Every structure is written in C-alpha cells, then in structure tokens.
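Q: Please read through the structure below; I'll follow up with questions.
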Amino acid sequence: MSLGGRVEGCGTKQVTPYMHCLVYHVPNFMKKHGGVKKFTGQGVEKNDDVRKFHLTKSNKWDAPKDVLLVGKRLQVTSEQKRRTTTYHKRNVDYWSHEIREARSKRHRTLLDSPCPALQESNSEDTLDVESLSIADVKERLKELGVQTRIRKLEKLKHIL
C-alpha cells in the first residue's frame, strides 16, 4: 500500500526508514515486551552509583580507574562486619538522676548570678535609668562592653 503521489507529505522523499519501523515493528515490540517503560533507563539513572561517585570527586581525570577501585573496595569490605565498641557505665546512678541535678544546678547558678561588669557599675553609683536618653543608655552600655543595634529606648533600658 502506497500513498505516494496521492496524499501531500507522503511522497518517497518524505517517508524515512523510521516511519517504516513505527508502522511495522513498534506494535510487535509493544506486544512482546509490554511497553517501553522497561527501556527508559529511569531507575538506572536514579541509582547510578558510578555517576554519583564520579561527580563527587574533585579530581576527575581517571574516572574508569577510580570506579573500578571503588567497586573492588566495596566488594572486599561488603563481607566484613563492623565491631561495636563495648562501653561499661561506671556510675549507673549518674545517668539516672545525678546528671539532671547537675544540669539544673548549672542552670540555676547562671540565672542567679549577675554579670560581674554590672555589679561593679552598680557599686560605684546608682543610676537612674528612667531619666537617661537613648544616646546616654547606648554610651553606658558601650562602657560596659555591650554591643547592640537596638534603637528602642525601652529595650535598651531593659539591657542596662
């Protein structure tokens, strides 16, 4: 059956060998293999360890050699098992409740003890924070060694 000369676009110059494959061989191929999904290579691309290894290397000069070396290394080490480190707890009470006590004490001491720089400044003279301007509060904080970008007067007073 030939449409050459009767239908525009179906002359001998426009029909390629690929069209022959599409008409005659693809239907048989689809019946035999059940679709094209097997041949897409999608799973291979996703789990391509060689590609992943090659792209993570910084020196990509001898890729085939590196891939073979890694494959052999994996083959040798796949049969080996990792030994776990044995650890014996020396003080079982420490892990049950002493650690909690130590950490809670540390937290309390941090909250209870004021900053030494602030203690020195408070002992020298008592300062009326409410009467200070923004510039005065920032200058006072700079003297204490506190660096801040805060501009609100209330927050600055709270820090001081």
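The values are calculated or read from the model by the stated rules, or taken from the named source; none is laboratory data. Computed from a predicted model, the values in this text were never measured in an experiment. Positions of Cβ are backbone-derived with ideal geometry, glycine not excepted, and every protein chain shown enters the neighbour counts.
Residues are listed down the side, and each one gets a yes or a no for (1) assigned to a helix (DSSP H, G or I); (2) within 30 Å of His158 (Cβ to Cβ); (3) of a type outside the set (S, T, N, Q); (4) at pLDDT 70 or above:
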site	(1), (2), (3), (4)
Asn59	no, no, no, yes
Val70	yes, no, yes, yes
Thr85	no, no, no, yes
His97	yes, no, yes, yes
Arg100	yes, no, yes, yes
Arg106	yes, yes, yes, yes
Ala135	yes, yes, yes, yes
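Q: Now for a separate question. Return the residue satisfying two criteria in turn: it lies in segment 1-50 and is part of a helix (DSSP H, G or I) and β-branched (Val, Ile, Thr), and of such residues it is modelled with the lowest pLDDT.
A: Checked segment 1-50; the qualifying residue modelled with the lowest pLDDT is Val44.
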